[in-house]
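Asker: Attaching a single structure in structure tokens format; questions to follow.
The values are calculated or read from the model by the stated rules, or taken from the named source; none is laboratory data. From a predicted model like this one, the values you see are computed outputs, not experimental measurements. FYI the Cβ positions are ideal-geometry reconstructions off the backbone, even for glycines, and counts take in every protein chain you see.
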Amino acid sequence: MEPGSTVSAVRSQRVWYGEEIRPAVIIIKEGKIHSILPDSEASAHTAGKVVDVGNSLIMPGIVDCHVHVNEPGRTSWEGYWTATQAAAAGGVTTIVDMPLNSIPPTTTLRNFHEKLGAATGQCFVDTAFWGGVIPGNKLELRPMVQAGVAGFKCFLIHSGVDEFPHVSDTDLHAAMKQLQGTGSVLLFHAEREVEHAAAEKGDPHEYSTFLRSRPDIMELEAIRTVTQLCLQYQVRCHIVHLSSAQPLELIRAARKAGAPLTVETTHHYLNLCAENIPARATQFKCCPPIRDTANRELLWSALKAGDIDMVVSDHSPCTPDLKCLDTGDFTQAWGGISSLQFGLSLFWTSASKRGFSFSDAVRLLCKEPAQLCRLDDRKGSLIPGHDADLVIWDPEKEFTVNKDNIHHKNKLTPYVGLALRGKVKATVVRGKVVYSHGSFSSQPLGKPLFIQHKTPSPL
């Protein structure tokens, strides 16, 4: 598979189709899946060249709906070119870019257009965009919905950057009223400041000191607020990066009562645990924090039970100095983990040991994220009429993460040195090869994605 080439048909002994793996040929026309045929029937329909990938598994391309690209404004942290190359190398064919930590943040229609300008001609995979809810911008929300943002993100606690302030209850009610009838979704960073026993002044170089400063109750109380709002307004709500298993009972109860509520967790909460984080290892810091092993296993159980809907990267890079690597001070370091390129491999390495199937992988990494963003009419499934977005990978192949094979702009990640299972061989976006065996297409072939929502009646 030559990077940059257009694929008209691809054959494998292992194609994920119709909830099972079977030998098949995928016929592609004009960037869409035209048909998926048993190998024996394919020859009559493949006048063009068929690319045979042998026993490699072909699955829908990954949809990662939680990525901080940080462009414009903080391109030393990341940027569209490097972020989308890293995505392509990891089998991710669609990302959805968060409204922060770019400058300006995506909180007005004008800022959204500025972001689109920054992304133009730089994306190796398809890219959609979240807007943001901050105090005072309620009248910007519907114009951004009409312009095609996938939905909106808000914080119930300080976001980490001053240009994206967190919202009050009053702001939330105002935003929910604006979003009623649009079909859009509001995403919540669900931590709240609560009155809890002040953590004793611990050693800032120990991870346990930071962990005590962000107890489970901060997530629990925030999610209590989210469930109440969701039930009251019947606006779709989504909890990003759930790290604590304690709120799961609240989530189950709200859904049972009719709340249109979805939940994600991330690769770091499923793969890492607090007990194994060394002193001064600030590359492990994120918010909410990585918790203990028992909590991690409860998250896996919730995934299996369907209480958590999807798994995403929450790729949140920064420059090495902001991680305070020289001092190893967890209390001062930037909170964020880079993993966009390694999500599929991270998930499969751990999930395959816990009895998860390829069907689970497709549901959690492709279908559900696409559905959240209202992209499920074109992304997330291998079915005729959908975009020909494919990841071609070897689920059995092992490799080790090292700085030489990381395509993020900054090579800082807690996964350096980790042996992972599941290696991406090639990535196809709308029928074009954007990545193959370590090389990228010479030009970015991704495009911006705009989501069509309902036109609500005037307020």
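Asker: State whether the residues of the stretch 308-326 include one that is surrounded by fewer than 24 Cβ atoms within 10 Å (Cβ to Cβ) and without any contact (Cβ under 8 Å) to a residue 12 or more places away in the chain.
Answerer: yes
Asker: Search the stretch 19-40 for residues being at pLDDT 95 or above and among the small types (Gly, Ala, Ser), and hand back the single one that is surrounded by the fewest Cβ atoms within 10 Å (Cβ to Cβ).
Answerer: Among them, the one singled out is Gly31.
Asker: Every residue in the stretch 142-185 that is hydrophobic (A, V, I, L, M, F, W, C), within 21 Å of Leu116 (Cβ to Cβ) and touching a residue at least 40 places away in the same chain (Cβ under 8 Å), please.
Answerer: Answer for the stretch 142-185, where residues must be hydrophobic (A, V, I, L, M, F, W, C), within 21 Å of Leu116 (Cβ to Cβ) and touching a residue at least 40 places away in the same chain (Cβ under 8 Å): Val145, Ala147, Val149, Ala150, Phe152, Val161, Phe164, Val185.
Asker: Within the stretch 335-388, can you find the residues that are in a loop (DSSP other than H, G, I, E, B) and closer than 30 Å to Lys285 by Cβ? Can you show your working first?
Answerer: So the first thing to find is which residues in the stretch 335-388 are in a loop (DSSP other than H, G, I, E, B), and the list is 335-336, 338-339, 355-357, 373-386, 388.
Passing the criteria: Gly335, Gly336, Ser338, Ser339, Phe356, Cys373.
Asker: Of all residues being of a type in the set (D, E, K, R) and farther than 17 Å from Pro288 by Cα in the stretch 197-216, which is modelled with the lowest pLDDT? Just the residue, please.
Answerer: We begin by selecting, within the stretch 197-216, every residue of a type in the set (D, E, K, R); these are 200-201, 203, 206, 212, 214, 216.
So of that shortlist, the ones also farther than 17 Å from Pro288 by Cα come out as 200-201, 203.
On the way: Glu200: 59, Lys201: 78, Asp203: 96.
Out of the qualifying residues, it is Glu200.
Asker: Residues Ile28, Ile36: which one is hydrophobic (A, V, I, L, M, F, W, C), closer than 14 Å to Ala388 by Cβ and in contact with a Phe, Trp or Tyr (Cβ under 6 Å, 6 or more places away or on another chain)?
Answerer: Numbers: Ile28 fails: in contact with a Phe, Trp or Tyr (Cβ under 6 Å, 6 or more places away or on another chain).
Just a single option satisfies the conditions, and that option is Ile36.
Asker: With the requirement that a residue be in a loop (DSSP other than H, G, I, E, B), in contact with a helix residue (DSSP H, G or I) (Cβ under 6 Å, 6 or more places away or on another chain) and crowded, with 24+ Cβ neighbours inside 10 Å, what does the stretch 69-84 give you? Outline the logic, then answer.
Answerer: Going residue by residue through the stretch 69-84, those that are in a loop (DSSP other than H, G, I, E, B) are 69-79.
After this cut, where a residue has to be in contact with a helix residue (DSSP H, G or I) (Cβ under 6 Å, 6 or more places away or on another chain) as well, the list is 69, 71-72.
Of everything in the stretch 69-84, just one residue is in a loop (DSSP other than H, G, I, E, B), in contact with a helix residue (DSSP H, G or I) (Cβ under 6 Å, 6 or more places away or on another chain) and crowded, with 24+ Cβ neighbours inside 10 Å, namely Val69.
Asker: Which pairs have Cβ atoms under 8 Å, sit 6 or more apart or on different chains, and link a residue in the stretch 375-391 that is under 15 Å from Ala9 (Cα atoms) and at pLDDT 95 or above to one that is among the polar types (S, T, N, Q) and surrounded by fewer than 22 Cβ atoms within 10 Å (Cβ to Cβ)?
Answerer: Sorted first by the residue in the stretch 375-391, then by its partner, the pairs are Pro384/Ser35.
Asker: Here is a further query. In this structure, is Ala87 touching a helix residue (DSSP H, G or I) at 6+ places or on another chain (Cβ under 6 Å) and in a helix (DSSP H, G or I)? So that I can check it myself, show each step before the final result.
Answerer: Numbers: touching a helix residue (DSSP H, G or I) at 6+ places or on another chain (Cβ under 6 Å): yes; in a helix (DSSP H, G or I): yes.
Taking the combined requirement at face value, the residue satisfies it.
Asker: Might you check whether a residue that is among the hydrophobic types (A, V, I, L, M, F, W, C), closer than 20 Å to Pro99 by Cβ and at pLDDT 95 or above occurs anywhere in the stretch 301-308? Spell out how you get there, then give the answer.
Answerer: Within the stretch 301-308, the subset among the hydrophobic types (A, V, I, L, M, F, W, C) is 302-303, 305, 308.
Narrowing further to those that are closer than 20 Å to Pro99 by Cβ: none.
No: the stretch 301-308 contains no residue that is among the hydrophobic types (A, V, I, L, M, F, W, C), closer than 20 Å to Pro99 by Cβ and at pLDDT 95 or above.
Asker: Hey, could you check the stretch 41-68 for residues that are at pLDDT 85 or above and among the β-branched types (Val, Ile, Thr) and say which is surrounded by the fewest Cβ atoms within 10 Å (Cβ to Cβ)? Spell out how you get there, then give the answer.
Answerer: Going residue by residue through the stretch 41-68, those that are at pLDDT 85 or above are 49-68.
Retained after the next criterion (residues that are among the β-branched types (Val, Ile, Thr)): 50-51, 53, 58, 62-63, 67.
Working: Val50: 18, Val51: 20, Val53: 20, Ile58: 24, Ile62: 33, Val63: 29, Val67: 27.
Going through the qualifying residues, I end up with Val50.
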